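Trainee: Can you read through this structure? Questions will come right after.
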Number of protein chains: 2
Amino acid sequence: MKARRANSRDKILAAAADVARETGPGSLSLDAVASRAGVSKGGLLYNFPTKAKLMQALVEDYLRAFEQALESARTAGVGGESPLATYIKLSAEHAAESKPSASWIFSAIAEDPDFLTPIKSFRRQVFERLKGETPDLKALLVCYLAIEGLRSMNLFDSDVLSVDERRLLVSSLLEIAG
Amino acid sequence: MKARRANSRDKILAAAADVARETGPGSLSLDAVASRAGVSKGGLLYNFPTKAKLMQALVEDYLRAFEQALESARTAGVGGESPLATYIKLSAEHAAESKPSASWIFSAIAEDPDFLTPIKSFRRQVFERLKGETPDLKALLVCYLAIEGLRSMNLFDSDVLSVDERRLLVSSLLEIAG
DNA sequence: TTGACAATACCGTCCAGACGGTACAGTAAG
DNA sequence: CTTACTGTACCGTCTGGACGGTATTGTCAA
């Protein structure tokens, strides 16, 4: 009942991300996504009645996944590790993945910049929470922004840093985070 | 000869940036740019024979402006100020501007991701140069990435930081830079 | 000085193609 | 009989860009 539906849904979402990454954010057409997902256009529009709904689902899934990862990393964190350190580690791992994991964001922005609002509010939430949990504001600011920089480089697929440099950066940040 | 009429070129470029910022990166149509610039579509296509050429000009002008600003900040820099400190200050000033100064980048990416290549190579150049001029690699990495994070926030128009926090961040970075 | 000619810097129109979305008939599974 | 699609045909809109025209400015020979 639901399995079949959910399967197709996920395939479509993954296909959309793939198409965005491979053919460029501007070429994310419904036809392209449908054929990539092995689904007819009718089927695609059955699952996501409009393109906007598809984008929204992309955003929501992404946010949910990150939130879950953060939550489980927090609970599974070694005793005494600060929340900021957990955040740094998790984000660095994400950014180290070879594929720019979220290049579909550009498609969403191109479609309608408002798709960013949930992401923005999520970020603000995370930041405010970290602020409440981190005694040293200066350390938080530096670390948070540096991680944001790492995320941005991954997003733009611009690998200015070598692997060693990235490692050194992360260890420096963890040191700053205390 | 060239100067008088050539201001039409600059008007078009500015108009393109405005349209991208105001109506969203996906809505950067030649018609919109032309009417915004107070120029007919024919006139627009006279100055920039294709949309790709327009985007390219946007990128090149942006890079040239930043490079010049960096160069003059370096020479005008107070004695004893490290190149990294100059870079931090200049970038922070840029990021503090209210308008996301380069949101047209999203339009360029949507049009064709290859428009990023000159930007990427420019960044790498700047980074390599800073690496040669900065003794403390750890400090460089942290500061460079944090600045990159600031740039990214400005680009995405996501103002997580308050003015005070941004100030504190910059002073912390300058402290780290030594 | 002037008249002819051209280069420059546009304007306004038109068009082929792509895209999002609709409609609808068919079908296989449960 | 319903759910979850497939497949196709189609429509309206938007967009890049080609094209032909035109006014202004510059050049230069007679």
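Trainee: Report, in degrees rounded to the nearest 10, the 0 to 90 angle that the Cα long axis of helix A:163-177 makes with the longest principal axis of chain A.
Mentor: Helix A:163-177 sits roughly 60 degrees off the main axis of chain A.
Trainee: What does the accessible area of A:E60 come to, in Å² to the nearest 10, when a probe of 1.4 Å is used?
Mentor: 90 Å²
Trainee: Still on this structure: Pick from B:K131, B:K51, B:K120: which residue has the top mean-square fluctuation in a GNM of chain B where Cα pairs under 10 Å get a spring?
Mentor: B:K120
Trainee: Between B:S98 and B:Q56, what is the FRET efficiency for a Förster distance of 25 Å, r being their Cβ-Cβ separation, to the nearest 0.05?
Mentor: E(calc), rounded to 0.05, equals 0.40.
Trainee: Right, next: Please compute the net charge surrounding B:R74, taking Lys and Arg as +1 and Asp and Glu as -1 over other residues with Cβ under 13 Å from its Cβ.
Mentor: Value of the local net charge: -2.
Trainee: Put a label point 7 Å from Cα along the Cβ direction on B:K41, then list its distances to the equivalent points in the other copies in nm, shortest first.
Mentor: 2.4
Trainee: Separate question: May I ask for the angle, rounded to the nearest 10°, between helix B:51-76 and the longest principal axis of chain B, with both axes built from Cα atoms and the value confined to 0 to 90°?
Mentor: The answer is roughly 30 degrees.
Trainee: To one decimal place, what orientation-averaged projected area in nm² is obtained for the convex hull of the Cα set of the protein assembly as shown?
Mentor: One quarter of the hull surface, i.e. the mean projection, equals 20.7 nm².
Trainee: While we're here: For a quick check of understanding: with a 1.4 angstrom probe and all protein chains in place, what accessible area in square angstrom does A:K11 have, to the nearest ten?
Mentor: Number for this one is 100 Å².
Trainee: Quick check on my link table: of A:K99/B:K120; B:K99/B:K120; A:K120/B:K53; A:K41/A:K120; B:K51/B:K120; A:K89/B:K138, which ones sit more than 25 Å apart, alpha carbon to alpha carbon? Intermediate results must be reported in sequence, preceding the final value.
Mentor: Values: A:K99/B:K120 17 Å; B:K99/B:K120 22 Å; A:K120/B:K53 32 Å; A:K41/A:K120 31 Å; B:K51/B:K120 21 Å; A:K89/B:K138 17 Å.
With Cα atoms farther than 25 Å apart: A:K120/B:K53; A:K41/A:K120.
Trainee: Would you jot down the residues in region B:155-175 that end up with at least 10 Å² less accessible area in the complete protein assembly than in the chain alone, with a 1.4 Å probe?
Mentor: Residues meeting the cut-off: B:L155, B:F156, B:D157, B:S158, B:D159, B:V160, B:L161, B:E165, B:L168, B:L169, B:S172, B:E175.
Trainee: Against the longest alpha carbon principal axis of chain B, how many degrees, from 0 to 90 and to the nearest 10, is the axis of helix B:116-133 turned?
Mentor: Between helix and principal axis, roughly 20 degrees.
Trainee: Here's a follow-up. At a probe radius of 1.4 Å, what is the per-residue accessible area of B:R166, in Å² to the nearest 10?
Mentor: Ignoring ligands and nucleic acids, B:R166 comes out at about 70 Å².
Trainee: Does region B:1-49 come out rounded, prolate or oblate by the C-alpha gyration tensor, with a ≥ b ≥ c the root eigenvalues, rounded set by a/c under 1.5 and, if not, prolate when a/b is larger than b/c and oblate if not?
Mentor: prolate
Trainee: Summing both sides, how much accessible area is buried between A and B? Use a 1.4 Å probe and give Å² to the nearest 100.
Mentor: The summed interface area works out to 3400 Å².
Trainee: Related question: Counting partner chain Cβ atoms within 10 Å of every residue's Cβ in A:132-144, what's the average?
Mentor: Mean inter-chain Cβ contacts per residue within 10 Å come to 4.
Trainee: For region B:25-35, in order, what is each residue's ³J(HN,Hα) by Karplus, 6.51 cos²θ - 1.76 cosθ + 1.60 with θ = phi - 60°, in whole Hz (x at glycine and Pro)?
Mentor: x, x, 9, 7, 9, 4, 4, 4, 5, 4, 5
The values are calculated or read from the model by the stated rules, or taken from the named source; none is laboratory data. As the structure is a computational prediction, the values presented were derived from the model and not from experiment. Neighbour counts run over all protein chains shown; Cβ positions are idealised from the backbone, glycine included. Accessible surface areas use protein heavy atoms only, side chains included; no ligands, DNA or RNA. Shrake-Rupley method; radii C 1.70, N 1.55, O 1.52, S 1.80 Å.
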